[in-house]
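Step one of this worksheet: look at the structure below.
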């Protein structure tokens, strides 16, 4: 993977992670704990992907 590709992938994953965090905040204010757990698992997976790239 070239440096440019790595930066592009990092930028994309960072944006996805930020959006997922906003969704988590919204879900935490609702009673649907299953939705929160799913969103949390997705955020964790994106975070791990970011760590693997960096």
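The table below lists the values:
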item: Region 25-54 - residue that is in contact with a helix residue (DSSP H, G or I) (Cβ under 9 Å, 6 or more places away or on another chain) and not in a helix (DSSP H, G or I) and, of those, nearest to residue 7 (Cα to Cα); result: 54
item: Qualifying position, being without any contact (Cβ under 8 Å) to a residue 60 or more places away in the chain, on the phi < 0 side of the Ramachandran plot and surrounded by 11 or more Cβ atoms within 10 Å (Cβ to Cβ), among 45, 31; result: 45
item: Number of positions in region 10-24 that are in contact (Cβ under 8 Å) with a residue 12 or more places away in the chain and farther than 17 Å from residue 54 by Cα; result: 4
item: Filter pass, residue 22 being surrounded by fewer than 10 Cβ atoms within 10 Å (Cβ to Cβ) and in a helix (DSSP H, G or I); result: no
item: Count of residues meeting criterion [farther than 12 Å from residue 42 by Cα and in a helix (DSSP H, G or I)] in region 1-19; result: 12
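Taken together, the values in this text are just the output of simple stated rules run on the coordinates, not laboratory data. Please read these numbers as outputs of a predicted model, since none were measured by experiment. Neighbour counts are summed over all protein chains in view; Cβ atoms, including those assigned to glycine, are modelled from backbone coordinates with ideal geometry.
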